[in-house]
Amino acid sequence: MSSRTDALLSAADAALRTLFVAPRASKPCPTIAEQQTDDTLSPDERHLSGALMRVNHVGEVCAQALYTSQALAARWGSAGDEASREALAQRLERAGHEETDHLAWTQARLDELGSRPSLLNPLWYAGAFGLGLVAGRLGRGVSLGFVVETERQVEAHLASHMDRLPANDHASKAIVAQMKDDEARHARDALQGGGQLLPAPVRQAMRAMAKVMTTVAHRI
């Protein structure tokens, strides 16, 4: 079996696991205190927290799609030698594995709040996978630049959620704070790895698409 076929099967497996298998974190969220309760949240506050954490969960579903597709594109590419392409793919996969913790944390928090993931997760995954595949095919600089811009936008989005979450929802805030720190680190790593600044129209288009996703996922 060819390495390209192996890569494709691995990407398909990652998609199925992301969408249909309960994620498992490699570690607990380090910023969550052992003794925290949701008893002080009103029904309206629980609803708001659930909606915001659903949006964050969608973001992590998309992160899995982006990193998986960009790793696939790296292995399928023709630029550079095979060793450098494989190194890039593994770099992207390592970041994706870290994002799996975020996926598990947000899923667990949704369960605690009595909420659910977005019903449109397969659609979000497919769209993000397509974008990542295109970015990955444009070369290392663009691929990592896409990671930089994506993570920066996610970091800003998470910062806004810190302000919107109920003041006494300490568990959700702890998860969001840790995710925000991790996204900033992923952006720095991608930039140091050779990520190129994307053109302004591309960055604006990414923000517009993200706005549609977050607005819809807040409700569905």
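No lab work stands behind these numbers, since they all come straight from the coordinates. Keep in mind that this is a model prediction, so the values were computed, not measured. Because the Cβ atoms are built from the backbone with ideal geometry, glycine has one as well, and the counts that use them run over all protein chains shown.
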*Set the Förster radius R0 to 30 Å, insert the Cβ-Cβ distance between SER84 and VAL21 as r into 1/(1 + (r/R0)^6), and round the FRET efficiency to 0.05.*
0.40
*Take the chain, connect every pair of alpha-carbon atoms lying under 10 Å apart with a spring to form a Gaussian network, then pick out the residue of VAL142, VAL176, VAL202 with the largest mean-square fluctuation.*
VAL202
*Helix 82-112 versus the longest principal axis of the chain: what is the Cα-based angle in degrees, 0 to 90, to the nearest 10?*
10
*Chain lengthening between LEU120 and SER42 when straightened (0.36 nm per residue, less Cα-Cα)*: 25.4 nm
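Before anything else, pin down the relative contact order of the chain: Cα pairs under 8 Å, at least 6 apart, normalised by residue count, whole percent.
29
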*Where the centroid of each part is defined by its Cα atoms, how far is the stretch 112-127 from the stretch 180-220 in Å?*
19
*Using the alpha-carbon atoms, what tilt in degrees (0 to 90, nearest 10) does helix 121-137 show relative to the longest principal axis of the chain?*
30
*Report the one residue of LEU191, THR5, ILE175 whose Cα lies farthest in the direction of the positive end of the charge dipole of the chain (charges on C-beta: Lys and Arg +1, Asp and Glu -1; origin at the Cα centre).*
THR5
*Springs between alpha-carbon atoms under 10 Å, Gaussian network over the chain: tell me which of GLY59, GLY114, GLY195 tops the mean-square fluctuations.*
GLY114
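Taking 25 Å as R0, compute the FRET efficiency from the Cβ-Cβ separation of ALA159 and GLN204 and round it to 0.05.
0.85
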*Sum of -39500 (n - 2.57) over DSSP H runs of 4+, divided by residues of the chain (222 nm, nearest 500)*: -27000 deg cm²/dmol
_What is the angle, in °, between the Cα long axis of helix 140-164 and the longest principal axis of the Cα atoms in the chain? Nearest 10 is fine, range 0 to 90._
10
*Considering the chain as a Gaussian network with a 10 Å cut-off on Cα pairs, which listed residue, ALA135, ALA177, ALA167, attains the greatest mean-square fluctuation?*
ALA167
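Please get the size of the charge dipole for the stretch 120-167, origin at its Cα centre, with Cβ charges of +1 on Lys and Arg and -1 on Asp and Glu, quoted in debye to the nearest 20. Don't jump to the answer; show the numbers that get you there.
On the way: 4 positive and 4 negative charges, 37 e Å.
Charge dipole, the stretch 120-167, about its Cα centre: 180 debye, nearest 20.
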*Of the labelled options (i) 115, 49, 33; (ii) 57, 34, 28; (iii) 57, 39, 29, which one gives Cα extents along the principal axes in Å as computed for this structure?*
(iii)
